[in-house]
Every structure is written in C-alpha cells, then in structure tokens.
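A.B. asks: Before I ask anything, here is the structure I am working with.
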Amino acid sequence: MNLINTLLSDRTKENLQSSGYKTLTDIQEKVIPLILEGKDVIAQSRTGTGKTAAFIIPSLEKIEPGKKPQILVLVPTRELALQVSEETEKLSRNSKLRILAVYGGAPMENQLRSFRFGVDVVIGTPGRILDHLARKSLQLANLKFVILDEADEMINKGFLADIEKIIKMSPPERQTLLFSATITPPVAKFANRYLKNPVRISGETKNAPENDIKHYYLEVASRQKSFFLIDFLRLHSSELIIIFANTKRMVEQINERLSKERLKVDYIHSDLSQSRRTRVFNKFRAKQISLLVATDVAARGLHVDDIAYVINYDFPQSSEFYIHRIGRTGRAGASGQAITFISSPQEKKWLFSLARQKGYKVEPLNLPNRSQINQILEDKLLEKIINKMEKTETHRSSNEKIKKLSEKYGAERVANTLFNLLAKSCQAKDF
C-alpha cells in the first residue's frame, strides 16, 4: 500500500479504507501512477481484477466539484453503468462530487433533471450519451477524462461509430483511458487513432486472480445436461452460481426446470425490462436467490465478488464469451470454479486449445453418482440435525407428540420417517 500512502489524498485513503480496500491489485498498482502522471493508457485486464477502481481512483484525484462533466465513462451495458456508478459513489464520498449513470430504459426526465442541477462524473452507454449530446443536456467542453470500460465488448456490440462521435466532440487535451479484457484488432486500431502516445499495461500476471479459477469440463449428451446440472446443484445449491446458456429460450427452460426442483433460482436475458433485470441482479447480490441463469448479456455487467461457480450449460460461442463468463467468478483475489458442459469432440478440442493459449489447466469434473449424492446430502442433513439438537431446547408440547407417536409406531420408525421427510425438503430451504 506504499502507492496509496505516497500518491493519494487523505480523503481517498479514507474512502478506500471504508470501502474495504486493503491492498491494491496488480492492474491498480500499474495503472494508477500513470494516470496521475497524465498519461493515456491502454490496460488489458480481465474483469474481477479491480479495473474499475484502477481508473476511478486516480481520475477522481484530478478533479474538483464544478457541476460540469469532467469525467465521462463509456460502458457497454446498463448493468455495468450502475455498478461503476456505485463504485464511484463509494470512492468519492465526502468530496461533494456529483455522479450520474445514464442508460437506455431509464426515465429520461430524471436524467435531464440531474444534468440541470449539475454533474461532475457521467457513466453511461454510448447510445444514451449521444441522446443527451443531441439534446444539449450534456456538454463535454470541460471533460478531463474519457474512459472506455470493456472497450472490446462495446465494439463487438456495434458501438464503435457512436464512440467515435463522442470522442470527436470531446476536448483534444483530454486524457483517454481504454480498458479491455482483450485487445482485438478493432480495439487496437481505435486506440492508435484516438489515444496520444498511450502506455500499454497488462494486468495478466502469474499472480492475477485468473489463476484462482479452476477449470473443469463434463462430457455429457445434450439431452442429459439438465439431469447432470440438477445433480451438481443438489450438492452446491447454497452457494452463488451463475449458469450460462446461449439463447433466451434455453435460459427460460433451465429456470423452469430448476424451479420445479424448488431451488432458489431466477433468470435474465435481453428481452426483460431494465427494472426486472435490475431486480433479479439485486436478489442475486443479496443472496435471496443462489442460482442465476443468464445469456451472455450478464457476462459483462454482473459484478459479484463471491460467485463460487460459473457453469457453461451451453458451450460458449467464442473465446471472448468464455473469458468473460468465467470472469464472473474468482473475483478480487477469491477462488472460483468454471465448469463447461461438453457435448462433442469439437467442443473438447476447442476448450483444450483455448486452455493452452491462456496457460491454464482444464480437468474432468468428477461428479458423484446419484446414490453417492443422496448419501452426501443425508450426511449433511444428519450433521444439521445434530447441530440443531445441541443448540435448541425442545418444547414440552413437541415432546408429548413425539412420545405418543413413538408409543404407537416405535421410536425408530418415527425417527426414520421424519428424517426421510427432511431429506426430501432440505434442498428447498435450510433448517
């Protein structure tokens, strides 16, 4: 933390401490001093490595409240706009800076009102930013920073023309920061055109959080996927898990199947309203549900630090999708596991080829059989019962009922029946 002690203001140090920062990640250590020096930066770093703080911390250090936009952060999704805004609010506490997230699907009037009151930091999707520029509700004359977060995803989504329009309307003396999980040819071409002598940084080191993700594959016929998924979830349903499918229809089918198993599950895809998607995200982050089924719309925007597993129910459509899916787990130095269902030799060959390119190991998943799973769950249930008995006193009325049942059917039969009833329901709720 020497960098924090020597380069950052006392206010920023206090905000970092209150937000739970104890050490800086690799990308933060590399990028923050460069931004404070005024350099344009191209930073390649997968999600979960702390890149949001890497660009927010130093850019906030270089502005003062002025009620005019000084920092503009462009992001590919509404979810990411909200999460970057939330992080910026934490890191700017007690600064009197005004932060605003703008994105499609939210009421325009609320955003217009915020701009009239004055805003210092704007985080938004390119389309909605252009809407405000056309309305002249957003002025860029005072911009000190233009930051592109998830640049590869924005370009993949077809936002390149929009981004270029925004860049051309920004002051030429601005500082431009580009963050991307992959530096594709279109990203590199954009950077060469619009960044001034940028310093290129990679956050992918031997100690990067990606090494805390274990990669597994499970060979299974397509028609058998749901059975294997349910078997796995029966063992791990209390942990946060995100399940990726390639189509909206498949997402809904998986959600329906898991709901019938009385698992705590919900789903998101691009056809859902923004309010619905936000509501589901919040339920997942608050652990009101433990399972989230999603299309790749969630691969970029969902930032939850303690997702234990990512399951590729459908095989990813590209290496970028695989990288961004697994980036949902193993965040901020935590460990995580990625499991990919494989239904053809081609998929297995592709997965191993990607693993060789990226330098990680892929292993087969050893899933217990149905009988072993039942035994494991029964053992867990017995442990819960013992813990409950040791901590809880039984009521007199319950004792009398149990006594009557035991006299009529025998204590062993009553105990077995109760245990079997609990075993059937223990997946749906903890007791």
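A.B. asks: List the strands (runs of 3 or more DSSP E) that sit entirely inside segment 239-299 and contain at least 1 residues that are within 14 Å of residue 309 (Cβ to Cβ) and in contact (Cβ under 8 Å) with a residue 40 or more places away in the chain.
C.D. replies: Where strands (runs of 3 or more DSSP E) fall fully within segment 239-299 and carry at least 1 residues being within 14 Å of residue 309 (Cβ to Cβ) and in contact (Cβ under 8 Å) with a residue 40 or more places away in the chain, they are 241-244, 291-294.
A.B. asks: Something else about it: Hey, does segment 308-322 have a residue that's touching a strand residue (DSSP E or B) at 6+ places or on another chain (Cβ under 9 Å) and in a helix (DSSP H, G or I)?
C.D. replies: Yes, the conditions are met somewhere in segment 308-322.
A.B. asks: Under the condition of being within 16 Å of residue 304 (Cα to Cα) and basic (Lys, Arg), which residue from segment 322-370 is modelled with the lowest pLDDT?
C.D. replies: Restricting to residues being within 16 Å of residue 304 (Cα to Cα) and basic (Lys, Arg), the top hit is 331.
A.B. asks: Going by what's in this entry, would residue 102 be described as modelled with pLDDT of 90 or more, under 24 Å from residue 133 (Cα atoms), of a type outside the set (D, E, K, R) and not assigned by TED's automatic domain parsing to the domain that holds residue 270?
C.D. replies: Answer is yes for this residue.
For (1) in the same structural domain as residue 317 (by TED's automatic domain parsing); (2) out of contact with any Asp or Glu (no Cβ under 6 Å at 6 or more places or on another chain); (3) surrounded by 20 or more Cβ atoms within 10 Å (Cβ to Cβ); (4) modelled with pLDDT of 95 or more, each residue gets a yes or a no:
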| position | (1), (2), (3), (4) |
| --- | --- |
| 152 | no, yes, yes, no |
| 158 | no, yes, no, no |
| 164 | no, yes, no, yes |
| 169 | no, yes, no, yes |
| 177 | no, yes, yes, yes |
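A.B. asks: For segment 140-147, check the following and say yes or no: at least one residue is under 24 Å from the mean Cα position of the chain (by Cα) and in a strand (DSSP E or B).
C.D. replies: Yes.
A.B. asks: Out of everything in segment 84-102 that is in contact with an Asp or Glu (Cβ under 9 Å, 6 or more places away or on another chain) and in contact (Cβ under 8 Å) with a residue 40 or more places away in the chain, what residue ends up being surrounded by the most Cβ atoms within 10 Å (Cβ to Cβ)?
C.D. replies: 84
A.B. asks: Could you check residue 125 against (1) of a type in the set (Ser, Thr, Tyr); (2) surrounded by 20 or more Cβ atoms within 10 Å (Cβ to Cβ); (3) out of contact with any Phe, Trp or Tyr (no Cβ under 8 Å at 6 or more places or on another chain) and say which number it fails?
C.D. replies: Result: residue 125 fails condition (3) only.
A.B. asks: Mind listing whichever residues of segment 157-184 are within 28 Å of the chain's Cα centre (by Cα) and under 22 Å from residue 31 (Cα atoms)?
C.D. replies: If the condition is that a residue be within 28 Å of the chain's Cα centre (by Cα) and under 22 Å from residue 31 (Cα atoms), then 167, 175, 176, 177, 178, 179, 180, 181, 182, 183, 184 are the ones that fit.
A.B. asks: Quick check: is even one residue across segment 238-260 surrounded by 17 or more Cβ atoms within 10 Å (Cβ to Cβ), hydroxyl-bearing (Ser, Thr, Tyr), within 21 Å of the chain's Cα centre (by Cα) and not assigned by TED's automatic domain parsing to the domain that holds residue 108?
C.D. replies: no
A.B. asks: Quick one: how many residues across segment 264-281 are closer than 13 Å to residue 240 by Cα and either of a type in the set (Phe, Trp, Tyr) or modelled with pLDDT under 90 (or both)?
C.D. replies: 1
A.B. asks: Now for a different question. Only residues that are at pLDDT 90 or above and among the hydrophobic types (A, V, I, L, M, F, W, C): list them for segment 185-225, please.
C.D. replies: 187, 188, 190, 191, 195, 199, 201, 218, 220, 221 - these are the residues of segment 185-225 that are at pLDDT 90 or above and among the hydrophobic types (A, V, I, L, M, F, W, C).
A.B. asks: Are any residues in segment 45-102 part of a loop (DSSP other than H, G, I, E, B) and among the β-branched types (Val, Ile, Thr), and if so, which ones?
C.D. replies: Correct list: 47, 49, 63, 75, 77.
A.B. asks: Is there a residue being surrounded by fewer than 24 Cβ atoms within 10 Å (Cβ to Cβ) and small (Gly, Ala, Ser) anywhere in segment 70-83?
C.D. replies: no
The values are calculated or read from the model by the stated rules, or taken from the named source; none is laboratory data. On a predicted model such as this, the values are computed, not experimentally measured, just so you know. In this analysis, Cβ positions are derived from the backbone assuming ideal geometry, glycine residues included, and neighbour counts consider all displayed protein chains.
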